[in-house]
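Below is one structure, written out as structure tokens, with a few remarks after it.
FYI, it's all coordinate maths here, none of it is from the lab. On a predicted model such as this, the values are computed, not experimentally measured, just so you know. Because the Cβ atoms are built from the backbone with ideal geometry, glycine has one as well, and the counts that use them run over all protein chains shown.
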Amino acid sequence: MKKIQVTMVRIYLTEADKMIDTLLKRLHDWEKVRGVTVFRGISGFGKSGAMHSSQLLEMSLNLPVIVEFFDEAEKVDAILEHLTSTIEPGHMVSWSAELIVGE
């Protein structure tokens, strides 16, 4: 089994931030990262303490959203440099991982 080292990045946003489409376009079209997934949360809160949640009868348009992507460390470092000007501090985390690429 062959593995390569990658860096995973998770960005915490809300639907109200209105930047998900722009971020996805950047990651897909400009940066061409290996993989991106967007998760929509059912509940969450951030620094403000304001709860963002969905209820059965009332669907909020301000639910938590997580954008997660990965690629080689050098490429991710360059992407993070670009994103620090648009993503609020404290909303991005990253860690090293191994990508299984076959044999």
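Here the label points at Ala16 and Glu74, each 7 Å from Cα along the C-beta direction, are separated by 4.2 nm in the simple model.
Placing pseudo-labels 7 Å out from each Cα toward the beta carbon at Ser94 and Ile42 gives an inter-label distance of 3.2 nm.
In segment 2-102, Cα pairs under 8 Å separated by at least six residues give a relative contact order of 49 percent.
Computed packing ranks the peptides 14-25, 83-94, 63-74 as 63-74, 14-25, 83-94, most packed first, by mean other Cβ atoms within 10 Å.
Dividing the summed -39500 (n - 2.57) terms of all DSSP H runs of n ≥ 4 by the residue count of the chain sets its mean residue ellipticity at 222 nm at -4500 deg cm²/dmol. What angle do you read, to the nearest 10 degrees and between 0 and 90, between the alpha-carbon axis of helix 73-83 and the longest principal axis of the chain? That works out to roughly 30 degrees. Here are several values of semi-axes √(5λ) of the Cα gyration tensor in Å: [x] 24, 15, 12; [y] 24, 18, 10; [z] 28, 16, 12. Which one was derived from the coordinates shown? Correct label, based on the coordinates given: [z]. Under 21 Å of direct C-alpha separation, and excluding same-chain neighbours fewer than eight residues apart, Lys75 reaches these lysines: Lys2, Lys3, Lys25, Lys32.
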